[in-house]
Amino acid sequence: MENNVTEFILTGLTQNQEVQQICFFLFILFYMTLMTGNFLIITTIQRSPNLKSPMYFFLSFLSFVDICYSSVTAPKMITDFQVKVKRISLVGCMAQLFFVHLLGGTEIFILTVMAYDRYVAICKPLHYLTIMDWKFCSMLVVSCWLGGFVHTFIQTMLTVQLPFCGPSLMDHYFCDVHPLLKLACTDTHVVGLIVVANSGMISLISFVILVGSYTVILLSFKTRSAKGRRKALSTCASHITVVILYFVPCIFIYLRPSTTFPEDKMVALFYTIITPMLNPLIYSLRNVEVKNAMRRLWIKRLLGRNRRDPDGKFDGIGTVVPASKNVVGNLSVISPQSYHTNT
């Protein structure tokens, strides 16, 4: 069928002009907070010699993906609050679809990798540096990008071949698969099933793996002291919070047939804006070593002071190891409780 549509009209989050003005300033604040927080995390980790363990390497990569991910949708959404007709070209729509799923899929995989990193650090501390060496960590990051690319390639190829012959009004604030399937003037039943198998199952399987890994971590502390269990629960609870905020909306959106609901736009805000904004706070700013590194780095920059790091060095998971601590070869002897002293 002939494709008669060259652009789409987005409805945005709301049609109320007063609410749009409030949202304009609110989401500018959200986006600035998101960018500042994630850039701060990346800069601190890159410039702090004591934050070179795999855990912080994955955190900086997560912040980079969050910056790129939100930048695909947030600037367009914010500027659309100030225009009456919210237009996006067909080419621009497909490009937005491609990058949303590329970066969204990559984030799903990096969150899964981070859960595995914590599992090894807590449950196999003596083998942590052997398992999570830099070659393996680099391979994991490349695999995350590759997985995201394969995911988005399937989504985009399924969508770009669909004919659009009108109407062109899309009830969303960015281009996504389900709204586009609704506008296609052909039978999209098979494509919808493939979307569920692709996006929905990836989200669900990754969510199950993440919950399972944190369950194993918590169970590993059943023989520990009550204080150790509380610290473990506190650490894992913050990570699980991010997982829930990101994965539950994704599962709600993509693990269903190609239908749309009015609530989809509000649900999508969680994984495109809210979670990337909260990630620096939940994952990094609650970490004592990150906060200390920020304090040393930025006080030095602002006041021009050179402050030495305290005696001792960091082990493979970011825990301060006193100089008197026993070391076996190149591997610090650590306990699961010590991993949680930095949160």
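Miscellaneous remarks
- Checklist (1) part of a helix (DSSP H, G or I); (2) more than 22 Å from Val100 (Cβ to Cβ) applied to Thr73, failing item: (2)
- When Val141, Val100 are screened for being within 23 Å of Ile67 (Cα to Cα), in contact with an Asp or Glu (Cβ under 8 Å, 6 or more places away or on another chain), of a type outside the set (Phe, Trp, Tyr) and in contact (Cβ under 8 Å) with a residue 60 or more places away in the chain, only Val100 passes.
- Segment 253-278 residues that are touching a residue at least 12 places away in the same chain (Cβ under 8 Å) and among the charged types (D, E, K, R), paired with ones that are surrounded by fewer than 19 Cβ atoms within 10 Å (Cβ to Cβ) and in a loop (DSSP other than H, G, I, E, B) (beta carbon under 8 Å, 6 or more apart): Lys265/Asp171
- Test: residue in segment 85-95 that is touching a residue at least 12 places away in the same chain (Cβ under 8 Å), within 18 Å of the chain's Cα centre (by Cα) and assigned to a helix (DSSP H, G or I): no
- The residue that is least open to solvent (accessible area, probe 1.4 Å), counting only those in segment 241-287 that are farther than 25 Å from Thr188 by Cα and not in a helix (DSSP H, G or I), is Asn287.
- Residue match in segment 50-61 (condition: assigned to a helix (DSSP H, G or I), open to solvent by less than 10 Å² (accessible area, probe 1.4 Å) and of a type in the set (Phe, Trp, Tyr)): yes
- Some residue of segment 115-138 being in a helix (DSSP H, G or I), within 30 Å of Met94 (Cβ to Cβ) and open to solvent by 30 Å² or more (accessible area, probe 1.4 Å): no
- The set of residues in segment 177-235 that are open to solvent by 70 Å² or more (accessible area, probe 1.4 Å), at pLDDT below 75 and in a loop (DSSP other than H, G, I, E, B) comprises Lys222, Thr223, Arg224.
- Residues of segment 62-77 classified as more than 11 Å from Phe174 (Cα to Cα), surrounded by fewer than 23 Cβ atoms within 10 Å (Cβ to Cβ) and of a type in the set (A, V, I, L, M, F, W, C), total: 3
- If the condition is being under 21 Å from Phe27 (Cα atoms), of a type outside the set (A, V, I, L, M) and surrounded by fewer than 21 Cβ atoms within 10 Å (Cβ to Cβ), then segment 87-114 contributes Arg87, Gln96, Phe99.
- Test: residue in segment 288-298 that is assigned to a loop (DSSP other than H, G, I, E, B), at pLDDT below 85 and among the polar types (S, T, N, Q): no
- So Ser63, is it among the small types (Gly, Ala, Ser) and more than 16 Å from Trp145 (Cβ to Cβ): no
- The residue that is nearest to Met170 (Cα to Cα), counting only those in segment 247-262 that are aliphatic (A, V, I, L, M) and within 17 Å of the chain's Cα centre (by Cα), is Ile253.
- Per this entry, Ile154 is not counted among residues that are open to solvent by less than 70 Å² (accessible area, probe 1.4 Å), among the β-branched types (Val, Ile, Thr) and free of Cβ contacts under 8 Å to residues at least 12 places away in the same chain.
The values are calculated or read from the model by the stated rules, or taken from the named source; none is laboratory data. As the structure is a computational prediction, the values presented were derived from the model and not from experiment. In this analysis, Cβ positions are derived from the backbone assuming ideal geometry, glycine residues included, and neighbour counts consider all displayed protein chains. Accessible surface areas use protein heavy atoms only, side chains included; no ligands, DNA or RNA. Shrake-Rupley method; radii C 1.70, N 1.55, O 1.52, S 1.80 Å.
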